[in-house]
Every structure is written in structure tokens, then in C-alpha cells.
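Peer 1: Below is one structure. I have some questions about it.
The values are calculated or read from the model by the stated rules, or taken from the named source; none is laboratory data. Source: prediction; values computed, not measured. When we count neighbours, we look across all protein chains shown, and the Cβ atoms used for this are built from the backbone with ideal geometry, even at glycine.
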Amino acid sequence: MATASSGSARKAKRRAARPRVSVLRIGHRPGRDPRLTTHLALAARALGAERMYLHPPDPSVEESLRRVASKWGGRFEVVPAANWRAVVREHAGGVVHLTMYGLELARLVPRLRRASSLLFVVGGAKVPSDLYRIADYNVAVGDQPHSEVAALAVALERVRGLPVRGGRAGAQLQIVPSARGKKVRVRPGSPP
């Protein structure tokens, strides 16, 4: 008979075995897309990605995410990418292009979960056609029009699972679960 501690050990092992994830946002249009790209980065960060490469670079998005990480803790970086093809070429792991025209995510989840490292590529308004050839997987989360934020969130949740609640290292702020209203705990000694 399994004990509670052996069940906890199995859960910890499954969490530890999740692939490391980075995201590459290509086709960002500085001045036109900062809100959407920021939401993409927030979803990536919240669901366990370590970084987002941004092509073309946009210092305003980088600064916005730096402020989020300083308040809410954890490690997440926005890395400027002048050449998205170099990011794909240099990634030591699977490259997953999220597109409505790809293979069903559900069929690929077991394989993606076994990877040690994944780079999820999320396009903007116009995706270069060679991305379909150089990606290891062209993956669809559904067959209806949807946003890239939704596609990334669904893919990360299916591949990595939901993150453990409880705050992150270095957080100044932490959500306190509440049925009504907003409750935020401020770590003692944090700036107002």
C-alpha cells in the first residue's frame, strides 16, 4: 500500500521531470503589439517558461517584464533576438511551432513531456514560411481561430501542468486566495 509520502515523492518527481521551456515570439511589431506580446510573456512566465526571446527586440516589453519579475519574484527574462533563425538553430532541444495548421497537440503531448528542453515558437501577423520546415513540430491546440496567447497557455498547461501556488523566490507580492475581493500579501521590508 502506498503511503502519503510516497505519493508526494511521485508528484515531486513528475514536477522535476517537466521540460525546461523557452518561448520565441517572432513578428512582434514594436509600437503596435506591445500589449499582446506582454500578455504572451505573462502567460509564459506564469506557466513555467524561463525566458522569452523577442524578435524584433522591444525595450519597452523587456522593461515591463523586468518590473513584473521584481514585484512577483521568480526568474523570467525577455531576451532581445535580432535573428530568430539563430535562436531556433542554437536551441538544444525540441522546437515547437504553435499554429492552427499543425498536428493535434493531444497526440504529441506524451512525446513533448519527455523532452528535456522545448522552445515554443509563437508567430505574429505573418509567419515566415520556412518556420514550418525548420520546426521539429508544427502543433495546433485547436482548429478554430484563436490568439497566440491562448495557444501558448493551453500548450504549456498540457505539457508542463499548472504551476504550484505559493509565490516565487524574491517576490515582494503574493496573492492570497480569496472567494471575494483582491487580497495581496506584501512581504515585510518590500517597497510600497
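Peer 1: Can you find a residue that is free of Cβ contacts under 8 Å to residues at least 12 places away in the same chain, more than 16 Å from the chain's Cα centre (by Cα), more than 18 Å from Ala44 (Cβ to Cβ) and assigned to a loop (DSSP other than H, G, I, E, B) anywhere in region 129-139?
Peer 2: Yes, some residue in region 129-139 is free of Cβ contacts under 8 Å to residues at least 12 places away in the same chain, more than 16 Å from the chain's Cα centre (by Cα), more than 18 Å from Ala44 (Cβ to Cβ) and assigned to a loop (DSSP other than H, G, I, E, B).
Peer 1: Of everything in region 48-60 that's surrounded by 20 or more Cβ atoms within 10 Å (Cβ to Cβ) and not acidic (Asp, Glu), which residue is nearest to the chain's Cα centre (by Cα)?
Peer 2: Ala49
Peer 1: Go through the residues of region 79-86 one by one and say whether even a single one is among the basic types (Lys, Arg), modelled with pLDDT of 95 or more and surrounded by fewer than 21 Cβ atoms within 10 Å (Cβ to Cβ).
Peer 2: Yes, region 79-86 contains a residue that is among the basic types (Lys, Arg), modelled with pLDDT of 95 or more and surrounded by fewer than 21 Cβ atoms within 10 Å (Cβ to Cβ).
Peer 1: Working only within region 143-164, note down all residues that are in contact with a helix residue (DSSP H, G or I) (Cβ under 8 Å, 6 or more places away or on another chain), more than 21 Å from His28 (Cβ to Cβ) and either of a type in the set (Gly, Ala, Ser) or modelled with pLDDT under 90 (or both).
Peer 2: Gly161, Pro163, Val164
Peer 1: Any idea which residue in region 95-128 is nearest to Pro34 (Cα to Cα), counting only those that are assigned to a loop (DSSP other than H, G, I, E, B) and small (Gly, Ala, Ser)?
Peer 2: Going through region 95-128, the residues assigned to a loop (DSSP other than H, G, I, E, B) turn out to be 115-116, 123-128.
Restricting the remaining residues to those that are small (Gly, Ala, Ser) gives 115-116, 123-125.
Numbers: Ala115: 31, Ser116: 30, Gly123: 14, Gly124: 12, Ala125: 13 Å.
Ranking the qualifying residues of region 95-128, first place goes to Gly124.
Peer 1: Listed residues Arg51, Arg20, Arg25; which is in contact with a His (Cβ under 9 Å, 6 or more places away or on another chain), modelled with pLDDT of 90 or more, within 18 Å of Leu118 (Cα to Cα) and charged (D, E, K, R)? Steps first, please.
Peer 2: On the way: Arg51 fails: in contact with a His (Cβ under 9 Å, 6 or more places away or on another chain); Arg20 fails: in contact with a His (Cβ under 9 Å, 6 or more places away or on another chain).
Residue meeting the stated conditions: Arg25.
Peer 1: Under 6 Å by Cβ, and 6 or more places apart or on different chains, what pairs join a residue from region 170-192 that is within 20 Å of Ser70 (Cβ to Cβ) with one that is among the aliphatic types (A, V, I, L, M) and at pLDDT 80 or above?
Peer 2: Leu173/Val184
Peer 1: A further question follows. Please determine whether any residue of region 33-40 is outside any helix (DSSP H, G or I), modelled with pLDDT under 90 and surrounded by fewer than 15 Cβ atoms within 10 Å (Cβ to Cβ).
Peer 2: No, every residue in region 33-40 fails to be outside any helix (DSSP H, G or I), modelled with pLDDT under 90 and surrounded by fewer than 15 Cβ atoms within 10 Å (Cβ to Cβ).
Peer 1: Further question on the same structure: Look through region 61-91, keep the residues that are of a type in the set (Asp, Glu) and in contact (Cβ under 8 Å) with a residue 12 or more places away in the chain, and return whichever of them is nearest to Ser22 (Cα to Cα).
Peer 2: Glu77
Peer 1: Condition test on Glu157, is it within 15 Å of His55 (Cα to Cα) and in contact with a Leu (Cβ under 8 Å, 6 or more places away or on another chain)?
Peer 2: Working: within 15 Å of His55 (Cα to Cα): no; in contact with a Leu (Cβ under 8 Å, 6 or more places away or on another chain): yes.
Criteria not met by Glu157.
Peer 1: Same structure again: Condition check: touching a residue at least 12 places away in the same chain (Cβ under 8 Å), of a type outside the set (A, V, I, L, M) and either in a strand (DSSP E or B) or surrounded by 15 or more Cβ atoms within 10 Å (Cβ to Cβ) (or both). Does Gly142 satisfy that?
Peer 2: So Gly142 does not fit the description; no.
Peer 1: Quick check on my filter: what residues within region 62-94 are over 27 Å from Pro145 (Cβ atoms) and in a strand (DSSP E or B)?
Peer 2: The answer is Glu77, Val79, Pro80.
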